[in-house]
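Peer 1: I'd like to ask you about the structure that follows.
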Amino acid sequence: MSYLSMILEIPDLLGINGLIKGKYTRDGIGVSPEINWSDAPANTKSFALFVHDPDALIGDFIHWIIINIPSNVNTIPREGVIGEEIINSAGRKSYVTPAPPAGMHRYYFTIYALSAGKLENVTKDNFHEKINSVKLAEATIIGKYSGQ
């Protein structure tokens, strides 16, 4: 199945060569960035945000999940949350800053437009299963960050 594309912007996240700026990592204050999106389909009822590092030593490390973002919202403010956070790979309901032990890692920030107004019983393990049947569109930005 093909999905429509949206526009995703994360102002101030990336620096030179697509590297995530230090203030959004363990080297800085570790806050979540401002995230903006547009061009969602007209029948969108909610949004979901998924941030992960597929290069983690333990496998895919989920940094942040937010579901049930209202359809009239198109921005998550810096250090803010709109919607319902889901427990991530660190066992927290919050943004976890990039902090890889070594080597270059990729961090995928993806926003999904959904035809469902409310998702229930979502976990980090079943997130994709829960949204697959209600996904209308998506957009992704990939940032990189290197561990020490």
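Peer 1: Find the residue count for segment 24-33, including only residues that are farther than 12 Å from TYR95 by Cα and crowded, with 16+ Cβ neighbours inside 10 Å.
Peer 2: Result for segment 24-33: 0.
Peer 1: Restricting to segment 119-144, name every residue that is among the basic types (Lys, Arg) and either at pLDDT below 95 or under 15 Å from ASP60 (Cα atoms) (or both).
Peer 2: Applying the first criterion (among the basic types (Lys, Arg)) to segment 119-144 yields 124, 130, 135, 144.
Result: LYS124, LYS144.
Peer 1: Can you pull out every residue in segment 1-54 that is within 26 Å of ASN132 (Cα to Cα) and without any contact (Cβ under 8 Å) to a residue 24 or more places away in the chain?
Peer 2: Result: MET1, SER2, ALA42.
Peer 1: ILE67 - would you say it is crowded, with 16+ Cβ neighbours inside 10 Å, over 20 Å from ILE142 (Cβ atoms) and either in contact with a Phe, Trp or Tyr (Cβ under 9 Å, 6 or more places away or on another chain) or among the aliphatic types (A, V, I, L, M) (or both)?
Peer 2: Numbers: crowded, with 16+ Cβ neighbours inside 10 Å: yes; over 20 Å from ILE142 (Cβ atoms): yes; either in contact with a Phe, Trp or Tyr (Cβ under 9 Å, 6 or more places away or on another chain) or among the aliphatic types (A, V, I, L, M) (or both): yes.
Taking the combined requirement at face value, the residue satisfies it.
Peer 1: With the requirement that a residue be under 17 Å from PRO77 (Cα atoms), at pLDDT below 85 and more than 16 Å from the chain's Cα centre (by Cα), what does segment 1-60 give you?
Peer 2: ILE29
Peer 1: State the number of residues belonging to segment 21-57 that are closer than 15 Å to THR110 by Cβ and hydrophobic (A, V, I, L, M, F, W, C).
Peer 2: Adding up the residues that qualify gives 8.
The values are calculated or read from the model by the stated rules, or taken from the named source; none is laboratory data. Just so we're clear, the structure is a prediction, and the values are computed from it rather than from any experiment. Cβ: placed from backbone, ideal geometry, glycine included. Neighbour counts: every protein chain shown.
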